[in-house]
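Each reported figure results from applying straightforward, stated rules to the coordinates on display, with no laboratory input. As the structure is a computational prediction, the values presented were derived from the model and not from experiment. Because the Cβ atoms are built from the backbone with ideal geometry, glycine has one as well, and the counts that use them run over all protein chains shown.
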């Protein structure tokens, strides 16, 4: 009886401590950005940094508040996010499909891989002039560029993931009579998942990068457009605000990917919390 | 007991890889429920023989006959030196892989739990394979191989990678389960002592031939280092190393 009580006792304790530890670790990461903002504000107030070089954080916040009230900020963030996600879904989906197909069928890889590797070596942002000629500065242009940028990291990593699966496990699955569909869901896909997640996180970075560039050059809405317009009117606080928002959105996307990763890769020793 | 039926029989089986003859006319009949150990130097063809038995490979010449019981979904199972567990499936799910095409769902889970208990891992069903020790993983692999109730269990040096103590524990476990379930066991091993300890019959392969077919007529359970066990060991080792028997 006593033994049982002690055991459950240690278990709950063992579960609570790492959680608290994780929360603490997450907070530690925010100390530095916060400190930088505080120092920045102090330097602005004392006049070391003049307002036409870099506005104080409080000024940036005020600008953000005003844009928030006018609805402009939300509108621009929504537009940019929509473009990013749409491009990501299209490019990522096609990349995943090609990666799976080429990983599973040698024939498919023989046919398409050379072509894809050639296209991969063209920096996708070099296509901007061509894309503007094709699509003008409409939505398609941005979505196309994002999709193209996102395609390759997902494709390459999915392919690598499938090729890296232990052939002994596949043989084991066959020995136990797994049919191709079951083999795919139970052995191949889970085995490729860590690599696919690596590709996903790369892709998210490229997604924001592409969108910023595309919106800065050719757009009539979105965060990049907001920044460019602010530049025309010398609203440096809004320019800085857009940059900060890009940083936050990028961090948010990465955190979501990490969360997804740690949820679906619980089996992986790298994601296991030490319990003893 | 009536005359034991044969579980499987190799009839003039030959297997080539390129110009190399790995198996040169193997004739071997194993009665149901027997524990056979196959030993020999590296490259003598013992793993090839096992892969043929498990149906992972086909003979070039000759045929392999299996009893009707040995032909169904889980007729023959093979266990390797590596446990080959799915790292992304919990222990119980790994065991249910052994029921693919036989039973599904909660019934499969229940049976997997029974077999986990059988190998002494009743409380580890919810763990990931990565937290288990080498010996525990191999026990999960054993449960997975047995959960489909095969008639023949082929073992390709399953204890080769384990430390000495774990190995002895596993040998005892294997013997107990074999006696309980009554399947036919074919164990390929480098370890002559292990062969003598576990098997009813030791087959020595040499350059693709059966060089020795020795019945081990000792009561069970046998003990490491007992004089009668050691005598058999010496006889086989002498033959294996080409020494003249005294």
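Miscellaneous remarks
- Taking every alpha-carbon pair under 8 Å whose residues sit at least 6 apart, chain A reaches a relative contact order of 22 percent.
- Cα gyration tensor category, rounded, prolate or oblate, for chain B with a/c compared to 1.5: prolate
- Taking other Cβ atoms within 10 Å as a rough exposure proxy, A:44, A:80, A:242 sort from fewest to most as A:44, A:80, A:242.
- Normalised by the number of residues in region B:103-154, the average gap of Cα pairs under 8 Å and 6 or more apart makes the relative contact order 39 percent.
- For peptide B:83-91, the mean count of partner chain Cβ atoms within 10 Å of a residue's Cβ comes to 5.
- Ascending count of other beta-carbon atoms within 10 Å, so fewest first, for A:131, A:111, A:48, B:140: A:48, A:111, A:131, B:140
- Approximate spin-label separation residue B:181-residue A:234, in nm, with each point projected 7 Å along Cα-to-Cβ: 8.4
- In terms of its C-alpha gyration tensor, chain A has an oblate overall shape, because the principal axis ratio a/c (a ≥ b ≥ c, square roots of the eigenvalues) is not below 1.5 and a/b does not outweigh b/c.
- Most fluctuating residue given options A:197, A:151, A:233, as computed from a GNM of chain A linking Cα atoms under 10 Å: A:233
- In chain A, the DSSP-assigned H stretches of four residues or longer account for a calculated mean residue ellipticity at 222 nm of -27500 deg cm²/dmol, using -39500 (n - 2.57) per stretch and the full residue count as denominator.
- In range of the label at residue A:118: residues from region A:73-96 whose backbone nitrogen is under 20 Å from the point 7 Å along Cα→Cβ: A:95
- Gyration tensor (alpha-carbon) shape descriptor, region B:177-246, a/c threshold 1.5: oblate
- Cut-off 18 Å, label 7 Å out along Cα→Cβ of residue B:133, residues of region B:159-175 by amide N: B:159-174
- MRE, 222 nm, helices only [DSSP H, n ≥ 4, -39500 (n - 2.57), over chain B, to nearest 500]: -10000 deg cm²/dmol
- Largest mean-square fluctuation among B:181, B:20, B:41, in a Gaussian network model of chain B whose springs join Cα atoms under 10 Å apart, belongs to B:20.
- Length-normalised contact order for chain B - Cα pairs under 8 Å, 6+ apart - percent: 26
- Note on chain B: GNM, Cα springs under 10 Å; of B:169, B:194, B:207, the largest mean-square fluctuation is that of B:169.
- Listed from fewest to most Cβ neighbours within 10 Å, the set B:177, B:26 follows the order B:177, B:26.
- Taken along the Cα-to-beta-carbon direction at a fixed 7 Å, the label points for residue A:266 and residue B:122 span 2.4 nm.
- Region A:29-100 - convex hull of the alpha-carbon atoms, volume per residue in Å³: 144
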